[in-house]
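Here the structure comes first, spelled out in structure tokens, and everything after it is commentary.
The values are calculated or read from the model by the stated rules, or taken from the named source; none is laboratory data. Please read these numbers as outputs of a predicted model, since none were measured by experiment. We place every Cβ from the backbone using ideal geometry, glycine too, and count neighbours over all the protein chains shown. These accessible areas exclude ligands, DNA and RNA; they are computed on the full protein's heavy atoms, side chains included. Shrake-Rupley method; radii C 1.70, N 1.55, O 1.52, S 1.80 Å.
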Amino acid sequence: MTIAERQAEIIDEFEMFDDWMDKYEHIIELGKDLPLIDSAFKDEEHKIRGCQSQVWLHAAPEGEKLRFTADSDAIITKGLISLMVRVLDDQPATEIAKTELGFIEKIGLHEHLSPTRSNGLRSMVKQMKLYGIAQAAQQNAQANG
Amino acid sequence: MQKTAAKSFPIERIRADFPILQTEMNGKPLVFLDSAASSQKPQQVLDTIEQYYEHDNANVHRGVYALSQRATDAFEAARKTMAAYINAPDEHEVIWVRGCTEGINLVASTYGQRFKTGDEIIVSHMEHHSNIVPWQMLCERTGAVLKVIPVLDNGELDMTAYKELLSERTVFVSVVHVSNALGTVNPVVEICNMAHEVGASVLIDGAQATPHGKVDVQAIGCDFYTFSGHKMCGPTGQGILWGKRALLESMPPYHGGGEMIDKVSFEGTTYNVIPFKFEAGTPNMAGAIGLAAAADYMTSLDLDSIEQYEADLLAYATAEMSKIEGLRVIGTASEKHSVLSFLVGDMHPYDLGTLLDKQGVAVRTGHHCCQPLMERFGIPGTVRASFAFYNTTEDVDRLVSATTRAVKMLS
Ligand SMILES: Cc1ncc(COP(=O)(O)O)c(C=O)c1O
């Protein structure tokens, strides 16, 4: 599935919930199910500091693609992370670099990306794209070199 | 809740004075439990500010015309009101500042100029960042050393340790009156007495004290007292620094500019008398007048009644919230004001706060600008419900049921 298809899938999935409580229960479940990041990467280097909650993000190239794992100390943040990972993990770096993550707004969780929340999520999305841009640039350099 | 004070307290009428309390949040009536961050404003304050701009607005202390005189009179009357609010002996000792943060920075930057290498400044482990960082910056400039009064497990200051920290090297003590993160009311009279015995001056950060009851700077015996208007029903951007006349007169000015001067020439400038020496530039006139209106409003409700009402509310909230399994209150000092900081099991404050918000209950989560204190307790932060006199037992009940539901979802 492409990034756009995965986003569409999540939007579909969230349409089932018409009440905030069901929606958050689902996010909490996703948070609990998020595969744990390798504990070796849960260090200062991989930490994205938020004021309210912390996020750890690890990216590794696999061919033209990027693999992401992540974690957070707050379960709701973790649930939202799992959605980001689901959309961007195992996708071509060139696609990640230019993607727009519109689905968060569509499923009504945009408030968690607001700077006042300062939960690390906003910086994480930015960081994922930066990894994509860096990786794409490297591939480009190799192709031309 | 003990209904003694509550019964005579005109809570219905009071709530009607606050337009924002009629708001709905996420489809539910708003339960606002974040007054420690910033309080709501009654119509009386809003009207005063509007009135000022509609009828009295002109720059103060400058014009010969009637309108400027009227603005100046209102501005200086506001100063008098604020002096009375904290029982300052002389209104010229009351300096308008933007808020508590600026008050502390002013003292650190001006009074602090006399400190030398090896001089010791004492703060406590429960200070707001605004009562830590200005002193650290001063220490960097002067070579003075910052000492920290430890906090006990119940959230009270370790007064024995404080006594041991005091010495002839101590030049200054700066301590919070009421902790914004824990609610602890500190023994400020004793703190001042002990500091004065070694010849140190004392600043009290009153940001969380002036919104909740009577403050008497003379009875406290401090040398400086500062607070923010926006936490006590006043507008943002206006607060007070009070200081003893002799100290204020001995201090160099803070900012340079208009108003603070006596005579300016390129050969040398002489400065105005206090308080104007510390009030460079056009002041926040509407802010000053609005803050005085807030002080008048609170005084009209009787500050002792406010204190009693809030004490009853906090006792009720503490008792009810403690029934939630796994909930622990952070900060259990014997004397507290209007703050209930808590955690449940190992649930993250962000998760709890988010689920409370979804249910229309506004609380603060995180470190509350007290990172050293959170580190001291080994926690990432807390969920903080903070109360004002416009909150009710129904608000507490909503907090309890929303927390119960959130805990269930997160278990
Ligand atoms: C105890 C305490 N001190 C200082 C401050 C800073 O006040 P302001 O941001 O209004 O300057 C606050 C505000 O949160 C506070 O609670």
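The residues of segment B:47-300 expose on average 39 square angstrom of accessible surface per residue, using a 1.4 Å probe on protein heavy atoms.
Compute the long axis of helix B:393-410 from its Cα atoms, compare it with the longest principal axis of the Cα atoms of chain B, and write down the angle in degrees, 0 to 90, nearest 10. Around 60 degrees separate the two axes.
Residues of segment A:13-28 buried by at least 20 Å² of accessible area upon assembly of all protein chains, compared with the chain on its own (1.4 Å probe): A:20, A:21, A:24, A:25, A:28. Let's test the formula: R0 of 30 Å, r as the Cβ-Cβ distance of residue A:118 and residue A:10. What FRET efficiency results, to the nearest 0.05? Taking R0 as 30 Å, the efficiency between residue A:118 and residue A:10 is 0.80.
Heavy atoms of chains A and B lose about 1600 Å² of accessible surface on contact, summed over both sides with a 1.4 Å probe.
Comparing each chain alone with all protein chains together (probe 1.4 Å, DNA, RNA and ligands left out), the residues of segment B:393-411 losing at least 20 Å² of accessible area are B:405, B:409, B:410.
Legend: residues in segment A:32-61 shielded by at least 30 square angstrom of accessible surface upon adding the remaining protein chains to the isolated chain (1.4 Å probe, heavy atoms) are A:32, A:51, A:52.
Among the trypsin sites (Lys or Arg not before Pro) in segment B:56-97, those placed in a DSSP loop whose Cβ has at most 14 other Cβ atoms within 10 Å are B:62. With each run of n ≥ 4 DSSP H residues scored as -39500 (n - 2.57), what mean residue ellipticity at 222 nm is computed for chain B after dividing by its residue count and rounding to the nearest 500 deg cm²/dmol? After summing the helix terms and dividing by residue count, I get -11500 deg cm²/dmol. For trypsin sites (Lys or Arg not before Pro), the sites in segment B:270-363 that DSSP calls loop and that have at most 16 other Cβ atoms within 10 Å are B:323.
Legend: residue pairs A:32/A:106; A:42/B:408; A:78/A:98; A:78/B:41, Cα-Cα distance threshold 31 Å; pairs beyond threshold, A:78/B:41. Can you give me the % of accessible surface on segment A:3-144 that is carbon or sulfur? Probe 1.4 Å, all protein chains present, nothing else counted. That fraction is 50 percent. In plain terms, chain B is cut at each of the GluC sites (Glu not before Pro) found in a DSSP loop with at most 16 other Cβ atoms within 10 Å, and the longest leftover piece is B:1-167. Bridge orientation summary for the protein assembly as shown: considering DSSP beta bridges with both residues in this region, about 65 percent are antiparallel. On the principal axes of its alpha-carbon atoms, segment B:47-300 has extents of 58, 50, 27 Å, going from largest to smallest. Calculated translational diffusion coefficient of the protein assembly as shown (10 °C, 1.306 mPa s; Stokes-Einstein with Kirkwood radius over alpha-carbon pairs) equals 61 µm²/s. Computed per residue of chain A from DSSP H runs no shorter than four, each worth -39500 (n - 2.57), the mean residue ellipticity at 222 nm is -16000 deg cm²/dmol. Looking at chain B, the DSSP beta bridges with both ends there are about 60 percent antiparallel.
Expressed as a whole percent, the accessible area of chain B that falls on carbon and sulfur atoms is 52 (1.4 Å probe).
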